[in-house]
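Heads up: the structure comes next, in structure tokens.
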Amino acid sequence: MNIQGKEQITIARNSHGIPKVIAKNELDIYFGMGYCHAMDRGSQMLLMRILGQGTASEHLANEPEMLEIDRFFRQMNWNGNLESEIDKFTKEEKEKLNAYCDGVKLSFSKNSPLAFKYLLKYKKLDWEIEDILLLGRMSGYLTLAQSQGEIERLFIEMVQKGTPREMLEELFPDILDNYDEDIIKKIKLNGKIVPDAVKWNGIIAPLMASNNWVVAGKKTQSGMPILSNDPHLEINRIPTVWYEMQFELHDKAAYTATMPGISAMLIGRTKDLSWGATYTFMDAMDSWVEHCKDGKYLKDNEWHDFKIRKEIIHRKNDSDIEFIVYENEHGFLEGNPFEEGFYLANRWSGSLGGADSIKNGLKLWNVKSVQEGMDALGKLEMSFNWVLADLQGNIGYQMSGLLPIRKNGNNGFVPLIGWKKENDWQGFYPHSDLPRRYNPEEGYIATANENLSKYGQVNPHTITMGNYRADRISKLLKEKEKITINYIKDMHYDTYSLQAEKFMPFIKTLLPKTENGEILQNWNYCYETDSKGAYLFEHIYRTLYAEIFGEALGKEVNDFLQNETGVYIDFYANFDAILLADQSKWFGDKTKTEVYRNAIEKALQKTAKSWGDFNQFYLTDILLGDKLPKFLGFNKGPYPLPGGRATIHQGQVYKSNGRQTSFAPSFRMVTDMSDEIIFTNIAGGVSDKRFSKYYTSDFKNWQSKIYKKINL
């Protein structure tokens, strides 16, 4: 179709429903992106903006959950400092961003989301540069806070509950600094950094884990680099967070996965460059202990006033709610400073930024080499691991994110003493100091949320995911020569667990000679949907947590960590180190054999079932959720999910705050730089409209290991 008033733009869908924008100038590339985002994902964009602005109680529903979400987003103040960020854009950059926003507005004027127009009576059907920055901040922070923030809060609570220092040092080796136990015990904790209502709301899909890898031409059949990416996030939602698009401008072309509302090609390829992202687990958020009294905080032996921000939350058919947010140089305060005590102040390094991320994202259309791409992507304020390949045969890796410069001896995991100026951040490290690689001798680069500090001049991590997925990817790449696209596709669906490979030798020595015991003795360590061994192993693994951490921390605490947080999901490597140890303080007065035997006996009382009968998920509409009968087709399922926490094809399904959530490959892509083709599939479809034929149009391909073949 041709857009009225924009005759130089043509938008056409391919056979898969993916829109292709054909333009005659670069501004219209962004206009077309905005137009398509609003055309197919307008509801998704408006929902994200409503949440980010803290207006859910006003526009969506006057419910306790929405009020909690509003309080959180108002506290974060991601609408703050937007004018100064916009001032950082050049005239040319503003023209591109305004072109994107103009495309959104035109699309909304022609075809606004029906649910917003008629059901919610929402009037603000527009888009501005401020909204682009807002969504960028949201996506960067929620990923970080759900992981780093929770594990740091768990440490504080463990100290306050009297967990012995030697046990904490075993669980968190080499990152506890020289913490002051007396001060930590005085901290008045006020809830969680990210409330459950925010973490488990279906509209928000944080990027918690992913795989990406790139292979040099010397190890591929084509003789040119092959790049792969499969970001892992919540898949039990319609629409998926990703929106695929294709662009053409004269002799240039691109195919990318974008996020509606953000004017950037996030992952994908042009004719010259391909790139993919994973989450880093960079420690870019700190907490400070503030001594408060009479509304002030102590700093260098003097009392200082907080910056006070008054927030008013409007509610549907109800009175407004007012509350005060107290802020200082360490971020927002969790508590009332007029009640004397010790409280936490929290700050994320990207909380007031966003412009540099957008500025450098806009460069990708014109980047031609890996080194140029590393420089552009490395300057993003959000923390990701980027792998790249170019047409000259180069491959590279670059970490991005604002890593705070802290006082020597502080790593950010333990809360800092706020009244000592020496504990303030001293700026941020340049991206050139962060982990990076270029044309490594081994001929490949793989990242999977593990510790990559050995490749940088500074250590960005305090705690990360385990190495299981990364080690499995590296093993498969190392042992294969003349790697092909099809080999990479098979890797995407690999369900072999190196975690199980570590645990099972000892478990096998204790298995009973029963039917379940025989199933585990003969298990191949793969999490296929028909595997009974995977089901039984998972029950033993979960029971081990109850036997060890349930005994030490209490059953309720262990159940909460398993069912209501991402702690065990993200940081299983730290807990595995305890489970796999020959001796540990966490075993109490039991031996490892006694702990395992008890767990095996309890777990194997269950009747074995297939992994896919247990590990299932539903596709749920992000706006209407479970509010409508299933026969109307807004929600679909159940679907079996292969994979586990430690497999390349990650497959985790669980309930929290009464709602199902998941982590699995949400989008898969692989491309060989020897030709202008990219292969993808996605856990959903193009459109967020229930009665569109593109509502879940690619889901069967995603399930069935079928990839779309796209010519640039």
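The values are calculated or read from the model by the stated rules, or taken from the named source; none is laboratory data. These numbers were taken from a predicted model, which means no experiment stands behind them. Glycine also receives a Cβ, built like all others from the backbone with ideal geometry; neighbour counts cover every protein chain displayed. For the accessible areas, the whole protein counts, side chains as well, though only heavy atoms, and no ligand, DNA or RNA atoms are used. Shrake-Rupley method; radii C 1.70, N 1.55, O 1.52, S 1.80 Å.
Residues considered: Leu227, Leu273, Leu266, Leu298. Of these, the only one that is over 30 Å from Leu416 (Cα atoms), touching a residue at least 40 places away in the same chain (Cβ under 8 Å), out of contact with any Cys (no Cβ under 6 Å at 6 or more places or on another chain) and open to solvent by 10 Å² or more (accessible area, probe 1.4 Å) is Leu266.
Of the helices (runs of 4 or more DSSP H) contained entirely in the range 562-617, those carrying at least 2 residues that are surrounded by fewer than 17 Cβ atoms within 10 Å (Cβ to Cβ) and more than 34 Å from the chain's Cα centre (by Cα) fall at 592-603.
Applying the criterion of being under 22 Å from Asn346 (Cβ atoms) and in a helix (DSSP H, G or I) to the residues of the range 74-91, the residue that is modelled with the lowest pLDDT is Met76. Looking at Glu95, Glu63, Glu83, just one residue is free of Cβ contacts under 8 Å to residues at least 12 places away in the same chain, closer than 21 Å to Ile262 by Cα and not aromatic (Phe, Trp, Tyr), and that residue is Glu83.
Of the residues Leu477, Leu452, Leu434, the single one that is open to solvent by less than 30 Å² (accessible area, probe 1.4 Å), free of Cβ contacts under 8 Å to residues at least 60 places away in the same chain and either in contact with an Asp or Glu (Cβ under 7 Å, 6 or more places away or on another chain) or farther than 26 Å from Lys606 by Cβ (or both) is Leu434. Return yes when Asp621 is of a type in the set (Asp, Glu), in contact with a strand residue (DSSP E or B) (Cβ under 7 Å, 6 or more places away or on another chain) and at pLDDT below 95 and no when it is not. When the stated conditions are applied, Asp621 passes them.
Selection of the range 1-45 for residues being over 30 Å from Gly625 (Cβ atoms) and in a loop (DSSP other than H, G, I, E, B) yields Met1, Gln4, Gly5, Asn14, Ser15, Lys24, Asn25. Has the range 58-67 got at least one residue that is among the polar types (S, T, N, Q) and in contact with a strand residue (DSSP E or B) (Cβ under 7 Å, 6 or more places away or on another chain)? The answer is yes; a qualifying residue exists.
Pull out all pairs, ordered by first then second residue, where Cβ-Cβ is under 9 Å, the residues are six or more apart or on different chains, the first lies in the range 390-402 and is open to solvent by 10 Å² or more (accessible area, probe 1.4 Å), and the second is among the polar types (S, T, N, Q). Matching pairs, first to second residue: Leu391/Ser369; Gln392/Ser369; Gly393/Asn439; Asn394/Ser369; Asn394/Gln371; Asn394/Asn439; Leu402/Ser349; Leu402/Ser383. Scanning the range 224-256 for residues that are over 15 Å from the mean Cα position of the chain (by Cα), aliphatic (A, V, I, L, M) and assigned to a strand (DSSP E or B) yields Ile226, Leu227, Ile238, Met245, Leu249, Ala253, Ala254.
Could you check the range 309-352 and list, in sequence order, the residues that are open to solvent by less than 10 Å² (accessible area, probe 1.4 Å) and either without any contact (Cβ under 8 Å) to a residue 40 or more places away in the chain or out of contact with any strand residue (DSSP E or B) (no Cβ under 8 Å at 6 or more places or on another chain) (or both)? Answer for the range 309-352, where residues must be open to solvent by less than 10 Å² (accessible area, probe 1.4 Å) and either without any contact (Cβ under 8 Å) to a residue 40 or more places away in the chain or out of contact with any strand residue (DSSP E or B) (no Cβ under 8 Å at 6 or more places or on another chain) (or both): just Gly350.
If the condition is being assigned to a strand (DSSP E or B), small (Gly, Ala, Ser) and over 27 Å from the mean Cα position of the chain (by Cα), then the range 324-344 contributes only Gly341.
Do you know which of the residues in the range 656-687 that are over 29 Å from Pro225 (Cβ atoms) and open to solvent by less than 20 Å² (accessible area, probe 1.4 Å) is modelled with the lowest pLDDT? The selected residue is Ser656.
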